[in-house]
Amino acid sequence: MQKRLKSAIWPARTPKPRLQEEVSPLEKLEQLQTAMPLAGYIRQAGLVPGIIPIAPATLWRWVANGTFPEPVKLSPRVTAWRIEDIKKWLLEKI
């Protein structure tokens, strides 16, 4: 009985998918920029951890310290960064 229950809950093991090659943050940003409309802004959800592998708290700490570009307030509840500023910051870090 327990064996049947286990097999119903956990199906037979399938091979793990192969990992794709690591893509640099700058390449991720360029891919995102080509997929985005020409608005030129990126929000936090698209930035962290997709392009910059850090925690959201670290991002805001960097903004407060001045080590990361300042965001732009697009509306009272929407904050975003200019793609150009992020790209420039990434190039300086590389």
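The values are calculated or read from the model by the stated rules, or taken from the named source; none is laboratory data. Only a predicted model underlies this, so the values are computations on that prediction, with no experimental measurement involved. Cβ coordinates were reconstructed from backbone atoms using ideal geometry, including for glycine residues, and neighbour counts include every protein chain displayed. Side chains included, ligands, DNA and RNA excluded: accessible areas come from the protein's heavy atoms. Shrake-Rupley method; radii C 1.70, N 1.55, O 1.52, S 1.80 Å.
Can you tell me how many residues in the stretch 49-70 are modelled with pLDDT of 90 or more, surrounded by 12 or more Cβ atoms within 10 Å (Cβ to Cβ) and closer than 24 Å to V23 by Cβ?
Summing the residues that are modelled with pLDDT of 90 or more, surrounded by 12 or more Cβ atoms within 10 Å (Cβ to Cβ) and closer than 24 Å to V23 by Cβ in the stretch 49-70 gives 7.
What tally of residues in the stretch 71-87 results from selecting those that are in a strand (DSSP E or B), open to solvent by 50 Å² or more (accessible area, probe 1.4 Å) and not basic (K, R)? Please lay out each step first, then the result.
So the first thing to find is which residues in the stretch 71-87 are in a strand (DSSP E or B), and the list is 72-75, 78-82.
Narrowing the set further to residues that are open to solvent by 50 Å² or more (accessible area, probe 1.4 Å) leaves 73-74, 82.
Filter once more, so that each one left must be not basic (K, R): 74.
So the count comes out to 1.
Regarding R4, is this residue modelled with pLDDT under 85 and in a loop (DSSP other than H, G, I, E, B)?
So R4 does not fit the description; no.
Take the residues in the stretch 17-48 that are open to solvent by less than 90 Å² (accessible area, probe 1.4 Å) and assigned to a loop (DSSP other than H, G, I, E, B); name whichever of them is modelled with the highest pLDDT.
Residue satisfying both the conditions and the ranking: V48.
Please determine whether any residue of the stretch 71-90 is more than 17 Å from the chain's Cα centre (by Cα) and acidic (D, E).
No, the stretch 71-90 has no match at all.
Only one of (1) open to solvent by less than 50 Å² (accessible area, probe 1.4 Å); (2) of a type outside the set (G, A, S); (3) within 13 Å of P25 (Cβ to Cβ) fails for K93. Which number is that?
Of the numbered conditions (1) open to solvent by less than 50 Å² (accessible area, probe 1.4 Å); (2) of a type outside the set (G, A, S); (3) within 13 Å of P25 (Cβ to Cβ), the odd one out for K93 is (1).
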